[in-house]
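Student: Just passing along the structure, written as structure tokens.
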Amino acid sequence: MAKTAKTSRLSGFPEWLPAERLVEQHVIDVFREVAELHGFSGIETRAVEPLEQLLRKGEIDKEVYVLRRLHAEEGADDSGADASRTLGLHFDLTVPLARYVLEHQNDLVFPLRRFQIQKVWRGERPQVGRFREFYQADLDVIGQDSLPGHVEAEVAIVMAEILDRLPLPAFTIHANTRRLSEGFFRSIGLEDHAAVLRNLDKLPKIGPDKVRELLLSDAGASEEQAQACLDFASIRTRDASFAERVRGLGGSGEMVEQGIAELTAVLERVEAAVPGVILADLSIARGLDYYTGTVFETFVAGHEALGSVCSGGRYDSLAADNRHTYPGVGLSIGLSRLVSRMLSADLARPARAVPTCVLVSVTDEEHRPASDAVARALRGRGISCEVAPTAAKFGKQIRYADRRGIPFVWFPGADGSDDEVKDIRTGEQVVADSAGWEPPAEDRCVQILAGQAGGEGGRA
């Protein structure tokens, strides 16, 4: 018989072990449950989009996985030069959402409250927390032609509730607005807003001194203007006190005041719903060339190097046609990236490695049907169980349950005697009836617990 070659892992494509997958599934379930509590409907879009659509946001084609064989079968040019006929795997869920809204606009009711948890693919260099295939979880409210400003706070509140239910250390949602940043730069005489934002975005990586140099050389700032931009980006407050600090740096004018009003409203609404989470952080610049209102980034205490685990904001042109525009507010979690950190840093772990609560033992193969009947009765009441794979000695069946992490072993009665169930962790064994026995509530389903490095969840 020929030997099978040893396989090697393909980097960037995570494959969790069963116990790890339970943690990931828990995060997915929490996201779905909270989203649905707030009236968001789940959708799923196709995995492929035309390459020309995928590249509209400026991504280079090297980052997109292209389906060569599929367009060869459709008669497309296999060279990939014709982007209008080439299909690629989606790298985010925003481009598919824009297409979905336009295609189904006549069948949707707006504002559309949508959540989506789906895999995406990016051909980037794998590194810690960066994958080529991963789950992304998005939450958006999409309007038709208009969308109320209060939705910006509402979406942030839903995301805060999702994160608050997860076994994470304290987290903080940092917020800024485009109008405030742009208005401030205008008021101090800087017109190249994109250059200023681009340079301020580099603060965490290169520090204020090098950013100052870039502001002088790239954005055309004077020494005074560069210092004002750095002082502006240093403002962080839990309340509306950021406003006076902005005005004190020379921020004035209608756009500045609009931005102050918008950010203050978001702070107050989020704080009222989920206290201790929201923070005005005027250093946030990422995405402000795309977002038109409030922008959010979320950081976990002690894991700031991971970067923002949940980002997004207000955009006034998700999609448009000859009749309508579709503004929206959205936030997105790199779900696999977050789960990877939860696992590697021991922030979360399952109470047991398998969903099985009860192993039903088998006296001998002749009596296996009796064990199957017990299992059916338990499953009928929602208790996860499995039947022992072999009719080995009971000691071996108990050891099998222990290796699997199954807490209870069921012994069907013989010759009219009562059934019994044993908690193999404590050794306690009691008479039981499959029609009425209940495990402790904490054992009925797998609980996801905070690991040794985890916190109680939520708020800074």
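The values are calculated or read from the model by the stated rules, or taken from the named source; none is laboratory data. Remember, predicted model here, so these are calculated numbers, not experimental data. All Cβ positions, glycine included, derive from the backbone under ideal geometry; neighbour counts span all protein chains shown. Accessible surface is based on the protein model in full, side chains and every heavy atom, while ligands, DNA and RNA are left aside. Shrake-Rupley method; radii C 1.70, N 1.55, O 1.52, S 1.80 Å.
Student: Do the conditions hold for residue 316, that is, is it charged (D, E, K, R), outside any loop (DSSP other than H, G, I, E, B) and either open to solvent by 30 Å² or more (accessible area, probe 1.4 Å) or at pLDDT below 95 (or both)?
Tutor: When the stated conditions are applied, residue 316 passes them.
Student: Kindly list the number of the only condition in (1) in a strand (DSSP E or B); (2) exposed (fewer than 15 other Cβ atoms within 10 Å of the Cβ) that fails for residue 402.
Tutor: Failed condition: (1).
Student: Can you confirm whether segment 184-195 contains a residue that is part of a helix (DSSP H, G or I), closer than 29 Å to residue 253 by Cβ, among the small types (Gly, Ala, Ser) and over 31 Å from the mean Cα position of the chain (by Cα)?
Tutor: yes
Student: Being touching a strand residue (DSSP E or B) at 6+ places or on another chain (Cβ under 7 Å) and of a type outside the set (A, V, I, L, M): is that true of residue 443 here?
Tutor: So residue 443 does not fit the description; no.
Student: Would you please list the contacts, defined by Cβ atoms under 6 Å and residues six or more apart or on different chains, that run from a residue in segment 313-325 that is under 23 Å from residue 262 (Cβ atoms) and in contact (Cβ under 8 Å) with a residue 12 or more places away in the chain to a residue that is assigned to a loop (DSSP other than H, G, I, E, B) and among the polar types (S, T, N, Q)?
Tutor: Once the first residue is under 23 Å from residue 262 (Cβ atoms) and in contact (Cβ under 8 Å) with a residue 12 or more places away in the chain and sits in segment 313-325, its partners that are assigned to a loop (DSSP other than H, G, I, E, B) and among the polar types (S, T, N, Q) give 314/292; 315/292; 316/292.
Student: Condition check: of a type outside the set (Val, Ile, Thr), in contact with a strand residue (DSSP E or B) (Cβ under 6 Å, 6 or more places away or on another chain) and over 20 Å from residue 170 (Cβ atoms). Does residue 321 satisfy that?
Tutor: Answer is no for this residue.
Student: On to the next question. Check residue 135 against each of (1) surrounded by fewer than 19 Cβ atoms within 10 Å (Cβ to Cβ); (2) modelled with pLDDT of 95 or more; (3) over 24 Å from residue 279 (Cα atoms); (4) within 27 Å of the chain's Cα centre (by Cα) and name the one condition it does not meet.
Tutor: Result: residue 135 passes all but (1).
Student: Residue under question is residue 149, and the condition is that it be open to solvent by 10 Å² or more (accessible area, probe 1.4 Å), more than 25 Å from residue 90 (Cβ to Cβ) and modelled with pLDDT under 95; does it hold?
Tutor: Here the answer is yes, as residue 149 does meet what is asked.
Student: Shifting gears a bit: Could you please find all residues in segment 274-300 being among the hydroxyl-bearing types (Ser, Thr, Tyr), closer than 17 Å to residue 185 by Cβ and in contact with a Leu (Cβ under 9 Å, 6 or more places away or on another chain)?
Tutor: 283
Student: Of the numbered conditions (1) open to solvent by 50 Å² or more (accessible area, probe 1.4 Å); (2) in contact with a Pro (Cβ under 9 Å, 6 or more places away or on another chain); (3) among the polar types (S, T, N, Q), residue 426 satisfies every one except a single condition; which is it?
Tutor: (2)
Student: Right, another one. Being of a type in the set (Val, Ile, Thr) and open to solvent by 20 Å² or more (accessible area, probe 1.4 Å) is the filter; apply it to segment 173-209 and report the residue that is modelled with the highest pLDDT. Steps first, answer last, please.
Tutor: In the first step, residues of segment 173-209 are kept if they are of a type in the set (Val, Ile, Thr); the result is 173, 177, 188, 196, 206.
If we keep only those that are open to solvent by 20 Å² or more (accessible area, probe 1.4 Å) too, we end up with 188, 206.
Details: 188: 95, 206: 92.
The qualifying residue modelled with the highest pLDDT is 188.
Student: Being in a loop (DSSP other than H, G, I, E, B), touching a Pro at 6+ places or on another chain (Cβ under 7 Å), open to solvent by 40 Å² or more (accessible area, probe 1.4 Å) and not β-branched (Val, Ile, Thr), is that true of even one residue in segment 429-439? Walk me through it before giving the result.
Tutor: Pass one, segment 429-439, residues in a loop (DSSP other than H, G, I, E, B): 433-439.
Applying the additional criterion that residues be touching a Pro at 6+ places or on another chain (Cβ under 7 Å) yields none.
No, segment 429-439 has no match at all.
Student: Then there is this: For residues that are open to solvent by 10 Å² or more (accessible area, probe 1.4 Å) and in a strand (DSSP E or B), tally how many sit in segment 343-359.
Tutor: Residues that pass the stated criteria total 2.
Student: Only one of these is under 18 Å from residue 163 (Cβ atoms) and among the charged types (D, E, K, R): 224, 244, 271, 257. Name it.
Tutor: Step by step, each of 224, 244, 271, 257 is checked, and only 271 is under 18 Å from residue 163 (Cβ atoms) and among the charged types (D, E, K, R).
Student: Looking only at segment 210-257, count every residue that is without any contact (Cβ under 8 Å) to a residue 12 or more places away in the chain and either touching a His at 6+ places or on another chain (Cβ under 9 Å) or buried (at least 18 other Cβ atoms within 10 Å of the Cβ) (or both) and tell me the total.
Tutor: 0
Student: Can you tell which of 340, 371 is among the small types (Gly, Ala, Ser), open to solvent by less than 50 Å² (accessible area, probe 1.4 Å) and either assigned to a strand (DSSP E or B) or closer than 30 Å to residue 162 by Cα (or both)?
Tutor: Just one listed residue meets the conditions, 340.
Student: Is there any pair linking a residue in segment 369-386 that is closer than 17 Å to residue 445 by Cα to one that is modelled with pLDDT of 95 or more and assigned to a helix (DSSP H, G or I), with Cβ under 6 Å and at least six apart or on different chains, and which?
Tutor: Final answer for the pair search is 385/375; 385/378.
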